[in-house]
1. By its C-alpha gyration tensor, with a ≥ b ≥ c as the square roots of the eigenvalues, how is the stretch 283-435 shaped: rounded for a/c under 1.5, else prolate for a/b larger than b/c, else oblate?
2. Label points 7 Å out from Cα along the Cβ direction at R494 and E558: separation in nm?
3. If the chain between W446 and M579 were fully stretched, how many nm would it gain, using 0.36 nm times the residue separation less the Cα-Cα distance?
4. Please report the spacing between the Cα centers of the stretch 319-388 and the stretch 119-140 in Å, no decimals.
5. Arranged by the count of other C-beta atoms within 10 angstrom, fewest first, what order do V323, V375, V40 take?
6. Ranked highest first by average number of other Cβ atoms within 10 Å, how do 616-623, 112-119 line up?
7. What FRET efficiency, computed as 1/(1 + (r/R0)^6) with R0 = 22 Å and r the Cβ-Cβ distance, is obtained for I408 and L454, rounded to the nearest 0.05?
8. Nearest 10 degrees, 0 to 90: what angle lies between the long axis of helix 226-236 and the longest principal axis of the chain (Cα atoms)?
Amino acid sequence: MSSASSKLIWLRLRTLIFGHPLSTQSADNQKLGIFGGIPVFGSDVISSQGYAPDAILYVLILAGAAGYGAAMKVTTAIVLLLVSVLLLYRRTIQKYSQGGGSYTVARAYLGEKMGLLAGASLSIDYILTVAVSVSSAVENLTGIFSWLGPSPHRVLADCLIILFMTVVNLRGLKESARLFAIPVYTYIFSIFALVGFGLFKYFLYGITPLPDSQAIIAANTQGLTLFVFLRAMAAGTTALTGTEAVSNGVSAFRAPAQKKAINTLLILGFIVALGLAGLVFLASKLQLIPSNDNTIINQLGLLIFGKTIIYYILMASIAIILVIAANTPFVGLPILLSLMARDGYAPRYFKNLGDRLVYSAGIWTLSMIGLILIVIFQGDTHSMLPLYAIGVFISFSLTGFGLAKYCIETKPKNYHRDLVIFSFGGGISFLVFMIFLITKFTEGAWIVAIIIPLLMFFFNSVSKVYKQEIILIKPTLEEIQNFNKEITRIFNRRSNVDLAEYNSKIVVPVFDLNRIVLEALLYGYELTPLITAVHIASDKERAEKLQRHWQQSNIQIELVIVESPYRATVQDLLQYLEMVEKDPRYSKVTLVVPEFVPPKLWQNFLHNQTGQLMKLLLLLRKNILVTSLPYHPPEK
């Protein structure tokens, strides 16, 4: 089979799986409205209300009948915290049009370390959400598909679902919104129907507690202490996980983006508050007892709907939305990493948009780590739950405290009201975090307490490396002047030489004007005057900045800007080289690749290795040669 045929087959297969590449100019057409934003950003927080009643009653049942009597008080406290969190992120969205959520707020008002703590906490939460949601969904399906029970089958199913979610999200935001809209809205309708019909029966006919639960309740004589109340509240706040995602993804909404993001956030808050309150109210009146194989929603569904079509729709939508809940991290984490990469705390390739205008590197990273977690924990939800939700309450706390500090420092209009709201949200979130950490510490929460500082150390190390590299490669004014003098000297030396004697062309790819590029240009110009610097313009602002810098520095070597509407920098550079190769004036074309050699081996991970890829792709080309020009920074 010819290479051209193989390439065509690969392109067709790639297009079938991931879709046609989208141009940068079409970015606005791929953005979401409120209707699409709810399933994309809200699947996690909406699904969380489904198992929050179980988490609350698991704790309150220890207090017997008094526990059921306090269920609505606990729920009211959670709803108040939810309102406070919504107000926190509403203000965050208003202040930061490009998104950023807790990371941006904490970094701006509490300092760099707190910003890194927020970034690390959210990263852990997003990663665990994928693993927990998928494993929980598969475990819920074992009652229908018994072959999923054995560990190898369960792990395989988990991994296949994560890979499916990866492909869907790599196809773009609009694709995932279209695919997940019907299941998500079906789930919302089912929950509202369950709560609405249940309340109708309660107020019309009344509800009698189930007799089977009375013996179990009577056996639990532990008093309703403050600690039990707070522990139940902490357990129920899992209903809030995923609230952060909308504030991170403001840039994914159509104009006016901030208004649409705020409306999406408030609608999600209304759905969660109403659903959670209704489910807990009905469960407490019926005195239902949650168990691993018979959830509160399943019990309510059977009691209120019976084994009717609506019951089966409810249970099917629950299983599906637990899978779809993993979609929120696939949107949220890549955006978060892109923001951190722009600030220099994460590897730079996380800020690059892929073929379908999504942050592909972040999606693949989340997918790989999620798969590793599933394999390590063998798809067991209960072994991962103690690690879950800790990170999100750290981020809630930092957002509240950060905005409270902003109010104190700037004293905007009506700041006293905002200060109370932000302080309450931050304080209660911190209290919930401490309860989680204490009660779940021996069950595995200690792992998160270790991983978060390690992740902060990694982000800080990345920042130090990039800052040091900028210092190492940034040319001084004197170095640029010396470069121009050398170019002028070589030009004068060739003044009597006919350019027709040269037939070898040199191309130097340029991302920025730095010491490495200057060395590569000088090396190439010494060999031949037929030299061109080429910049693949995947970012218009970056290209314009380079052109200005080039002109201001009076660089006498031609700079060619190649438009890259699909951000395929390697492919576009190859096409440019093929065009030069066809020029009859040149017998050979040499690509001189300026390469930065990091002082330490691990730092290669922070670079995208484009030069190595170009060498590999051009290995079999007869008339296109590749020369690496490594730049070794001076030792300190």
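None of the figures in this text is laboratory data; all of them are computed from the coordinates on show. Computed from a prediction, not measured in an experiment: that's the story for all the values here. Ideal geometry is used to build each Cβ from the backbone, glycine not excepted, and the neighbour counts take in all protein chains shown.
1. oblate
2. Modelled inter-label distance: 1.2 nm.
3. Full extension of this stretch gives 42.1 nm more.
4. If we compute the Cα centre of each part, the gap is 9 Å.
5. Ordered by Cβ neighbours within 10 Å, fewest first: V375, V323, V40.
6. The densest-packed peptide leads the list: 112-119, 616-623.
7. The pair I408/L454 has a calculated efficiency of 0.10.
8. Approximately 50 degrees, to the nearest 10.
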